[in-house]
Amino acid sequence: MQLKYFKQSSVDYLKANITSHMQKGYYKSNSQWLNEIFNEEYTIESGINIPQIVLIVPEKQFDVEFENCKIIYEALKDFTLEQASDERLWACLCYTIGWNYMLRRWPVKDTDSANKVSERYMFIRQNNDRALLRNGLSRLWWMAYTTYDKDRENPYELTEFLLKDTNLQQQLMERAFSRNREFTKLVLIALKKYTGEHTFPSKEKRAELVKALNRLGGVKVLDMITYEEIERIVYSELQREFI
């Protein structure tokens, strides 16, 4: 399939009219309404051919997250970080081939703010790293990009572990150290090992672990930190008794 982007003017128009479109019920409609609101072509062909993207529409909000993660990443695996950071791409995918998935996974409530809808269906640009992890589809690509390991028998093993808990995703992926793929993968390897030997750590314990990892990244170059050092921190923090 030919990958398409929104024109920037299309993104700007959709953002400016979110509230109006919510009031008209567009964000609850399975029918494609873009042709009704645009008087001219609203997309641009990228010149990039990719495999057909057919996302699985979830029965429940979280039940096909991992499968869709793989679908998105396999189609866009060769993307550069610059390409994968383009709001026009993700907005176009959200409003077109990903629309039915978005309606079920990120349903828009009447009480939602325009900013909240923009965050999931487009980007809020004040924090671009966070924006990539908030958009309903770019977050799937970003989590797979960070955790994919071609040297494993199952290259998506760490991706699947990360996708087990939505709070874990937020705790790890929205930290500055997640920009370093190798460091983040080593953290997940240690966490997965710990979980296999003990139990999945609580949200509170994981929060303390993330603080320790942030402190470590503040005093050492992440690329120089060994797996053994990361494993030691993971085990010591998760086994520490909190007062």
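A few notes on this one:
- Matching entry among Ser46, Ser20, Ser31 (being open to solvent by 30 Å² or more (accessible area, probe 1.4 Å), under 23 Å from Leu132 (Cβ atoms) and polar (S, T, N, Q)): Ser46
- For segment 178-216, a residue qualifies if it is among the hydroxyl-bearing types (Ser, Thr, Tyr) and within 18 Å of the chain's Cα centre (by Cα), and the qualifying residues are Ser178, Thr184.
- Failed item in (1) open to solvent by less than 70 Å² (accessible area, probe 1.4 Å); (2) of a type outside the set (Gly, Ala, Ser); (3) at pLDDT 95 or above, with Phe79 passing the rest: (3)
- Residue within segment 217-227 that is touching a residue at least 24 places away in the same chain (Cβ under 8 Å), more than 20 Å from the chain's Cα centre (by Cα) and open to solvent by less than 20 Å² (accessible area, probe 1.4 Å) present: yes
- Some residue of segment 195-210 being open to solvent by less than 50 Å² (accessible area, probe 1.4 Å), out of contact with any Gly (no Cβ under 8 Å at 6 or more places or on another chain), of a type in the set (Gly, Ala, Ser) and at pLDDT 95 or above: no
- Screening segment 2-41 for helices (runs of 4 or more DSSP H) wholly inside it with 2 or more residues that are without any contact (Cβ under 8 Å) to a residue 60 or more places away in the chain and over 25 Å from the mean Cα position of the chain (by Cα) returns the ranges 18-23, 34-37.
- Output for segment 160-177, where each listed residue is more than 12 Å from Lys203 (Cβ to Cβ), assigned to a helix (DSSP H, G or I) and more than 12 Å from the chain's Cα centre (by Cα): Glu160, Phe161, Ala176, Phe177
Listed here are the residues, each with its yes/no results for (1) surrounded by fewer than 13 Cβ atoms within 10 Å (Cβ to Cβ); (2) of a type in the set (A, V, I, L, M).
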site	(1), (2)
Val117	no, yes
Asn135	no, no
Tyr148	no, no
Asp151	yes, no
Arg181	no, no
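- Of all the criteria given as (1) farther than 17 Å from Cys69 by Cα; (2) surrounded by 13 or more Cβ atoms within 10 Å (Cβ to Cβ); (3) of a type in the set (Ser, Thr, Tyr), the one not satisfied by Thr159 is (1).
- Some residue of segment 55-68 being under 23 Å from Tyr26 (Cα atoms), in contact with an Asp or Glu (Cβ under 6 Å, 6 or more places away or on another chain) and assigned to a loop (DSSP other than H, G, I, E, B): yes
- Residue in segment 109-116 that is touching a residue at least 40 places away in the same chain (Cβ under 8 Å), outside any loop (DSSP other than H, G, I, E, B) and touching a Gly at 6+ places or on another chain (Cβ under 9 Å) present: no
The values are calculated or read from the model by the stated rules, or taken from the named source; none is laboratory data. Since the model is a prediction, treat every value here as computed from it, not as a measurement. Glycine also receives a Cβ, built like all others from the backbone with ideal geometry; neighbour counts cover every protein chain displayed. Protein only, heavy atoms only, side chains kept; ligands, DNA and RNA dropped before computing areas. Shrake-Rupley method; radii C 1.70, N 1.55, O 1.52, S 1.80 Å.
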